[in-house]
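Step one of this worksheet: look at the structure below.
Each value in this text was obtained by applying a stated rule to the coordinates, not by laboratory testing. Predicted, not measured: the structure shown is a model, and the values here were computed from it. Using ideal geometry, Cβ is built from the backbone for each residue, glycine included, and neighbour counts are taken over all protein chains shown.
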Amino acid sequence: MAELESLTSPEMLITAFAGFRSLPLPVAQLSLAAVLQCGQSFRWDTYPLYSGQTSPHDTSTPTHEYRLCLRDRVVCLRQSPDTLWYRSVFPVTSPINVAEEREVETLAWIKDYFQLHIDLDDLYDQWGKRDPVFQTVKQRFAGIRMLRQDPFENLMSFICSSNNNIARITKMVKALCQHYSPPLVTIPPPAMIDGSCPTAVPLPCVYYPFPSPSSLASPEVSQHLRSLGFGYRAEFVQRTAQMLVEAHSHAAVSEDVQEPAEKFLISLRQRSTLEAREELLNFVGVGRKVADCVLLMSLDKREVIPVDTHVQQIAAKHYGLRAPAGKTNMTPKLYDEISNKMTAIWGDYAGWAHSVLFTSDLRAFASYGLPSPSPSPSKERNKVAQSGAQMPTAPDIPSPSPANRMKRRKSDQATTTLAGESHTTNAATVAAEVETVEELTMADRIKRRRRSCRTIVVSEACQNNP
């Protein structure tokens, strides 16, 4: 790391991105694109950076900005291959000397949140030597490390994760912030700040901190959350917050000071894994998997492996750990077997290693780290981010069913049998009819098939008799 620091002039870097400070850090130690979108945290906003000066394939400059609202500031991050850029935005502009102190605080938060004191390269080497499966993914999925999150936010987020997907969890977590926490600051998106996309008219973004336990503890919160689409999780969120507040009281504190309930959760970092897990399992809506997510992602229990259906599939696919014949549900015994097996393979940081394999197996990361002729992210994702909305971190993209694949195959065959420009148009019509056949009645289907056959026969006749 010392060599990297000597390669870059801080003054030059700050000039390159006004307001940002630099921290020499290779992507192999931290990949924001992976870590902030793989289902650990759900409040980071992602914005593409526009520039008419660089090629869309240029990887030497940052391509995205990531933002997170803390209790007293918004942290903005950018990343190039060897540098992490950061800056803070506050509700009120401070004198220069105070601003300097606050940036020092921000840097300390970054180092703690991303646990940068841990050498990820060294861990990857260890895991690769221990596990041939990990060796196959370590290069492509470099830079994936565990976050050290606020325990209360982490707990509430994973209570919302029950039978859910990342996009919907993100929506719920942001709803908690918008409805139960006052807005902190409004900031234009990067395109407006940089002036690098003059034709765009991006909306300013309002940032909300995560709410405190006391703000979610009132009985009426449950009904309101149900109206926001939380379902049965609404009661879990409210009752857990209520349990925390009642057990640890609620002193009248200012908005930028932790409540006693929050301090209690942080204190679990000093307890053993078993003790901390037992405390978490007392809360409503917290089972073994949710408790283990909190242990790993905010309570420093790096050996813990949260096991869900997805991890169970990885264990069966790569490590021969399968459920007993005829049983599909996760059992406590199978949970322990998978967790113990993977911990034995990966060691003290087994939870970190598991996160790399978990990410590599997500469909949203199917093309991650692979060379692509087109710029990334796609135009559709750019539009979403430009508007100030949260980009889907890991959308649940359904695989085509066998019936749909058969329809596409028929459509392709119809297109190839037709020659000439006019015939291609007819083939497109046939394809459209085939794709919509599911929505038709049986009589309509028969009529459509007859018309399709006549079209193909006529086209073949035209092809044979030019």
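What is the stretch 71-172 by shape, rounded, prolate or oblate, if you read a ≥ b ≥ c off the alpha carbon gyration tensor as root eigenvalues and call it rounded for a/c under 1.5, prolate for a/b larger than b/c, and oblate otherwise?
Because a/c hits 1.5 or more and a/b fails to exceed b/c, the stretch 71-172 counts as oblate.
Amide H to amide H, which residues 5 or more places from Thr83 or on other chains are under 5 Å from it, using H placed in the peptide plane?
Excluding prolines and chain starts, which carry no amide H, the hits are Leu25.
Whole-Hz Karplus ³J(HN,Hα) for the stretch 92-104, in order, using 6.51 cos²θ - 1.76 cosθ + 1.60 and θ = phi - 60°, x for Gly and Pro?
Values, residue by residue: 10, 5, 9, x, 4, 5, 5, 4, 4, 4, 5, 5, 5 Hz.
With N denoting the number of residues in the stretch 220-340, provide Rg(C-alpha) divided by 2.2 N^0.38 Å, to two decimal places.
Scaled against compact globular proteins, the figure is 1.28.
Any idea what log10 I(q)/I(0) is at q = 0.29 Å⁻¹ for the stretch 210-250, Debye with uniform C-alpha scatterers and no solvent?
With one equal scatterer per Cα and no solvent, log10 I(q)/I(0) is -0.93.
Would you pull out the residues with amide H under 5 Å of Cys205's amide H, same chain only if 5 or more places away, H placed 1.01 Å from N?
Ile187
Which of His318, His354 has the fewest other C-beta atoms within 10 Å, and how do the rest follow up to the most?
Numbers: His318 16, His354 28.
Listing His318, His354 from fewest to most nearby Cβ atoms yields His318, His354.
Explain nothing, just compute: Karplus ³J(HN,Hα) = 6.51 cos²θ - 1.76 cosθ + 1.60, θ = phi - 60°, for every residue of the stretch 263-276 in order, whole Hz, x for Gly and Pro.
Each residue of the stretch 263-276 in turn: 5, 4, 4, 4, 5, 5, 4, 8, 8, 5, 4, 5, 5, 5 Hz.
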